[in-house]
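Heads up, the thing below is written out as structure tokens.
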Amino acid sequence: MDLSDYFPIWNKLTIQEREVLQNSAGKRFAQKGTILHNGSADCVGLLLVQTGQLRAYILSDEGKEVTLYRLFPGDVCLFSASCIMTNIQFELIIEAEKDSDMWVIPAEIYHNLMENSASLANYTNEIMAARFSEVMWLIEQIMWKSLDKRLAAFLVEEAELEGTSSLRITHEKIANHLGSAREVVTRMLRYFQGEGLVALTRGNIEILDKKALQSLL
């Protein structure tokens, strides 16, 4: 993907602003499992995902994880440059869920451009609002939806993302996504297995009845 593909307002930027973005953007490769950003004190810059998949999550004092959102090719990761957002800080962790290629624009350079370009500032605010909406949606899911529905939704989404009904994923990893305990996820998966919805083997979940899982939603 070209750098301009990430900015719908590219044509509204001046030639000089486009050149600054193009000249400052560096390429980075991250292996699966690499931590790209760790907390508000870590300001690595704006990440523009070319290939792969990133995960943004928070970590409780007890070490429990919960996934806030994921980033796919074409997405812009704004909170990896959280230092450019005055009075907004998140102890957010961003990791590569898959081997990923990305552009990285230094936070200071992007911040300077935002201060002089209303179009870029507005676009950045739109990204921020979209991420907040995703987080609010997640809070609603955690507060109002039972775990069986959230787990069913996760399995269906994961199957669509991977393009297969055979998921190579641990119960611990699912628990991290959902902000639950591994033991609770295991019990629910065994219930699903007893209902004929999935088949469980070590490190693998085979979806047997996708329609039934969707009906839970």
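The values are calculated or read from the model by the stated rules, or taken from the named source; none is laboratory data. All values reported here derive from a predicted model rather than from experimental measurement. Cβ coordinates were reconstructed from backbone atoms using ideal geometry, including for glycine residues, and neighbour counts include every protein chain displayed.
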Take Tyr191 and tell me if it is modelled with pLDDT of 90 or more, of a type outside the set (Lys, Arg) and buried (at least 18 other Cβ atoms within 10 Å of the Cβ).
no
Options Leu189, Leu161, Leu197; residue that is within 17 Å of the chain's Cα centre (by Cα), farther than 19 Å from Leu59 by Cβ and either of a type outside the set (Phe, Trp, Tyr) or not assigned by TED's automatic domain parsing to the domain that holds Tyr57 (or both)
Leu161
Test: Leu68 is buried (at least 18 other Cβ atoms within 10 Å of the Cβ), modelled with pLDDT of 95 or more and under 23 Å from Lys98 (Cβ atoms):
no
Scanning segment 1-40 for residues that are among the β-branched types (Val, Ile, Thr) and closer than 26 Å to Tyr57 by Cα, the one surrounded by the most Cβ atoms within 10 Å (Cβ to Cβ) turns out to be Thr34
Is there a residue in segment 55-78 that is polar (S, T, N, Q), more than 13 Å from the chain's Cα centre (by Cα) and over 26 Å from Arg150 (Cα atoms)?
no
Please go through segment 115-168 and pick out each residue that is among the aliphatic types (A, V, I, L, M) and outside any helix (DSSP H, G or I).
Leu167
Criterion violated by Gly163 - all others in (1) of a type in the set (Gly, Ala, Ser); (2) in contact (Cβ under 8 Å) with a residue 12 or more places away in the chain; (3) farther than 30 Å from Gln16 by Cβ satisfied
(2)
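Every residue, every condition in (1) at pLDDT below 90; (2) in the same structural domain as Trp137 (by TED's automatic domain parsing); (3) assigned to a strand (DSSP E or B); (4) not hydroxyl-bearing (Ser, Thr, Tyr), yes or no:
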| residue | (1), (2), (3), (4) |
| --- | --- |
| Val20 | no, yes, no, yes |
| Asn23 | no, yes, no, yes |
| His37 | no, yes, yes, yes |
| Ala41 | yes, yes, no, yes |
| Leu47 | no, yes, yes, yes |
| Ala56 | no, yes, yes, yes |
| Gly63 | yes, yes, no, yes |
| Ala81 | yes, yes, no, yes |
What number of residues in segment 127-144 are farther than 18 Å from Ala56 by Cα and surrounded by 14 or more Cβ atoms within 10 Å (Cβ to Cβ)?
0
